[in-house]
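The values are calculated or read from the model by the stated rules, or taken from the named source; none is laboratory data. Please read all numbers here as calculations on a predicted model, not as lab measurements. A quick note on method: Cβ atoms are made from the backbone with ideal geometry, for glycine too, and the neighbour counts reach across all protein chains shown.
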Amino acid sequence: STPSERDERRVFSLLLPPPNVTGRLHMGHMLNQTQMDIVVRWHRMRGFITLWLPGTDHAGIATQMMVERQLSSEGKKREQLGREAFIERVWEWKRHYGGAILDQMKRLGASVDWEREYFTMDENLSRAVREVFVRLYEDGLIYRGKYIVNWCPRCGSAISDLEVKHEDVAGKLYEIRYPVVGSEEFITVATTRPETMLGDTAVAVNEKDERYTHLHGKKVRVPLVNREIPIITDELAQPEFGTGAVKVTPAHDPNDFEAGLRHNLAQIDLMDDHARMNENAGAYAGLDRFEARLRVLHDLREQGFLVAEKDYTVSIGKCDRCNSIVEPRLSMQWFIKIAPLAKRAIEVVEKGYIRFTPENYQQIYLNWMNNIRDWCISRQLWWGHRIPAWRCTDCNETIVARETPVSCTKCKSSRLEQEPDVLDTWFSSGLLPFTSLGWPDATRDLDVFYPTSLLITGFDILFFWVARMIMLGCWFMSPPHRPVRAGEKQLEGDEVLRQSVPFREVYIHALVRDADRQKMSKTKGNVLDPIEVIGKYGTDATRFTLAAMSSPGTDIAFNPSRTDGYRAFANKIWNAARFMFMNVDRLGAGIRPSSAKSGAGVDSFAAQTLEDRWILSRFNRVAGDVDNALTAYRFDDAARAIYDFFWGEFCDWYIELIKPRMILEDDTKGGAATREDGVLACRNLVSLFEASLRLLHPVMPFITEEIWHALYDGKPPLASIALASYPQTSEKQINLDAETEMAILQDLIASVRNIRAELKVEHKQRVPIQIFAQDPAIQNLIEQNRGAVERLANVEAIACSEISLSKLPGARHTARFDVHVIYEQKIDVAAERARLTKQLEQFGKEISNGERQLSNEQFLAKAPANVAEGIRKRLLELHSLREKAQLQLDELVTAVR
RNA sequence: GGGCGCUUAACUCAGCGGUAGAGUGCCACCUUCACACGGUGGAAGUCGUAGGUUCAAAUCCUACAGCGCCCACCA
């Protein structure tokens, strides 16, 4: 009961996952945006107030790399330019090339709110970033410290755990022996990174490992550097592994670092920012780390310290961005103490305030969140949000502030230096759901659109982005950080958490692969450019393909041949429209829909004939199916439902059926058609077509827009079909009888066509047929729709038989009627016999299955009544069908004799 | 080392407890006045393997095989 302007049922908001400014559009973007656009258009048409917020991400490392590369082609380095000039250069780059991806997006038809486009380094967003940083600091959730982080020597920066990709490679496990001081003994340790021995400050053994009990408290001498270090007992050493003794290098390994803290060991940092050995490496100073490794091994070997080299699979970490081998390195960094944030982020998901689709991502998310570690947010880059922290060069005090401070808060000195580091890019993007809506101010946008309704994104950024948004959103949109509008009360109880989430639902989309299911990658050269694809097949066809292939849980193997099929669909729509316009023009005024209104259903449709009642019923049913599909994010079901309806029912049957009612100028066979009836039929056609366009619009925005405007002769009731109402199912227009009756006629027509094909009747030749139907209602139905049957099955006369036609060779039987084509041509006896034999076999199999079930007491006792009833009914049909087929076969054999 | 997903017609995929589906491709016929990016008809699958649960299994369970993904600080 807050005085919120928001009525959640009428608001639909979502954030476009901001592409990197450096990005180029790929199929993944297109899939993502197609799905979002479908959902957005669908909601907008259903009357929701929609907000789809676009923007781009400054993408720290990626962008910096891009500009560095540009500089290097000019023979320059960023250090030569200096920080300020370099940043200016990046902005310049951004102004030039930064918008490319959004321009590409426009061609996909994405109906985002372009006028609200943001960039993550815009002034207002940057201000919010500083605000968040300061508040986290004030909440005691940000700390600075010297810890082991993943260090990328190429980027010259720390990166987070998530930004390290692990790769298994064949390597070696080296065993090195360290002489025990004051004894002839050696202790042998194993390592995959021998160069780090230069920084060893202990050797650890397990306390319970009796092999080493006698060495407890002794010292060893590190070969090559001749430093004496203690033998310590620590859990770190596991007796089963290697020799059971492990070297401890606190400055270059996270486990060793922890052990070092436990035993108060010195930390010897061996490398510089670019992973070259520093002065601590003694004789090896100046060497690259891998060169140093070779030299160390060589020297160890020569001096007899290297005892063994064993083949070993090592997992090496590589920088996600530049693929350099990451070095665990001790350095001063900023971290977020993540546990309190993670706790809330877990709670909101467990309580169902955020729902994942497909559901299994919920567990994946929770597993990750439950094992989360502190997040290193500082990056030693120049491009990004600079950390709002200053150090007093006089008293060394750290000042964290929203605005640049003028003097030290402690000693009043004015000699302050700002922290050179910038923030991890994901820090700012993790804030977007609320900062893009105006946080920390209590804006109307924030009130109306937060929490956003939905997030559609790929699983690859589930942890990078989705998880961070949840943690930060829940923190900063809860009291005391949630801004309160004047007169508004803070939320209470469960509402606090429920309203703090950045989005209510997360839909995780599939990965788009190439036709051979290979991941698309630049190195493989199999990347499909969406712009090229839409150039070839059209945007609508490409969108339709992606929608139709969006089934949950599976990656999409994007095969252009499929798009080819949907281009044909687009073409089909054009041609159906052409047919419609042709008739509209011929029949004249009063047929186009009123430019004064646009309804929510199939409004000015006067169902007169069976096909009218049928198509109206089908349309309403399909509209319901599409609604259900979209509600469940089943883009594939929605696309399929529309496709099948439009092509398979509307074009193949309805249009064919109403053709005789249309008056065509050169129609001499039309006969019974009157002008008035033609107008009526055409109005219905127009009305249904108009509704179909609205049904189809979210998936195929361009073609539907164009035809829709033409339909209103350029004077539509609304500026765009996108603003018209989405078709809603009207129960009144669903007509089961019409559907059943139509199915019988379709069955009859298909049977005749089938017989004609078997008998090889000339296409143009109209033939007489005989029909037998036991049920007078069916006989009546056929009688009343004689014209349709004659037309669509190319029949010239229909005779109704009083007796079953079972014995006639070539006749077809269904449960409701027998039909026979009268044609002098000899039937292909062999083919007919094969067909009947096969049919008999199938009938027989099905009958014995059914009978077995019905004679099974267990089945009768346990199966639901309707299932048993269904089988009984089917068995009756089958017996009759089998009998007829058998008679026919007998007749055939007799005839041949 | 943990966790997850996939295996259905030649290809790409739906179906996930009650008689095997679609698109493309294939075969045959047809340029009929919306459409050959079309129409009509047709062929094509013991639903990865082996067990189990059930009256009933492509559908649920177990194991196995193959393919793929994610997470993980064991030298």
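Points to keep in mind about this one:
- Applying the condition of being farther than 18 Å from A:Ser157 by Cα and of a type in the set (Lys, Arg) to segment A:34-85 and asking which residue is modelled with the lowest pLDDT yields A:Lys76.
- Some residue of segment A:805-820 being over 25 Å from A:Asp652 (Cβ atoms), of a type outside the set (Val, Ile, Thr) and surrounded by fewer than 12 Cβ atoms within 10 Å (Cβ to Cβ): no
- Sole residue being within 16 Å of RNA strand B (Cβ to nearest atom), in contact (Cβ under 8 Å) with a residue 12 or more places away in the chain and of a type in the set (Lys, Arg), chosen from A:Arg562, A:Arg592: A:Arg562
- Only one of A:Gly260, A:Gly317 that is of a type outside the set (Lys, Arg), crowded, with 16+ Cβ neighbours inside 10 Å, more than 30 Å from A:Gln64 (Cα to Cα) and within 45 Å of the chain's Cα centre (by Cα): A:Gly260
- Test: residue in segment A:671-689 that is within 22 Å of A:Ser604 (Cβ to Cβ), away from RNA strand B (no atom under 11 Å from the Cβ), small (Gly, Ala, Ser) and at pLDDT 90 or above: yes
- Pairs where the first residue, in segment A:267-278, is in contact (Cβ under 8 Å) with a residue 12 or more places away in the chain and the second is buried (at least 16 other Cβ atoms within 10 Å of the Cβ) and among the hydroxyl-bearing types (Ser, Thr, Tyr), C-beta under 6 Å, 6+ apart: A:Met277/A:Tyr284
- Look at (1) touching a residue at least 12 places away in the same chain (Cβ under 8 Å); (2) within 16 Å of RNA strand B (Cβ to nearest atom); (3) assigned to a helix (DSSP H, G or I); (4) surrounded by fewer than 20 Cβ atoms within 10 Å (Cβ to Cβ) and you find that A:Val752 fails only one, number (4).
- Boolean, A:Ile338 is closer than 30 Å to A:Asn20 by Cβ, within 16 Å of RNA strand B (Cβ to nearest atom), touching a strand residue (DSSP E or B) at 6+ places or on another chain (Cβ under 8 Å) and modelled with pLDDT of 90 or more: yes
- Considering residues of segment A:243-294 that are within 18 Å of A:Ile176 (Cα to Cα) and of a type in the set (Val, Ile, Thr) only, the residue nearest to RNA strand B (Cβ to nearest atom): A:Val246
- Boolean, A:Ile782 is in a helix (DSSP H, G or I), surrounded by fewer than 20 Cβ atoms within 10 Å (Cβ to Cβ) and without any contact (Cβ under 8 Å) to a residue 40 or more places away in the chain: no
- All conditions in (1) in contact (Cβ under 8 Å) with a residue 24 or more places away in the chain; (2) under 22 Å from A:Arg144 (Cβ atoms); (3) over 22 Å from the mean Cα position of the chain (by Cα) hold for A:Ser413, with the sole exception of (1).
- Qualifying positions in segment A:797-820 - within 15 Å of RNA strand B (Cβ to nearest atom) and assigned to a strand (DSSP E or B): A:Arg812, A:His813, A:Val819
- Residue check for A:Lys536: more than 8 Å from RNA strand B (Cβ to nearest atom), basic (Lys, Arg), in contact (Cβ under 8 Å) with a residue 24 or more places away in the chain and assigned to a helix (DSSP H, G or I): yes
- Qualifying residue in segment A:847-869 (condition: within 27 Å of A:Ile749 (Cβ to Cβ), within 16 Å of RNA strand B (Cβ to nearest atom) and either touching a residue at least 12 places away in the same chain (Cβ under 8 Å) or out of contact with any Cys (no Cβ under 8 Å at 6 or more places or on another chain) (or both)): no
- Residue match in segment A:206-219 (condition: at negative phi, in contact (Cβ under 8 Å) with a residue 40 or more places away in the chain, crowded, with 17+ Cβ neighbours inside 10 Å and of a type outside the set (S, T, N, Q)): no
- Unique residue being buried (at least 24 other Cβ atoms within 10 Å of the Cβ) and either within 17 Å of A:Lys351 (Cα to Cα) or not hydrophobic (A, V, I, L, M, F, W, C) (or both) when the list is A:Arg468, A:Arg485, A:Arg498: A:Arg468
- For A:Glu175, the requirement of being assigned to a loop (DSSP other than H, G, I, E, B) and over 16 Å from A:Trp375 (Cα atoms) is not met.
- Search result, residues across segment A:810-866 that are more than 30 Å from A:Val795 (Cα to Cα) and among the β-branched types (Val, Ile, Thr): A:Ile847
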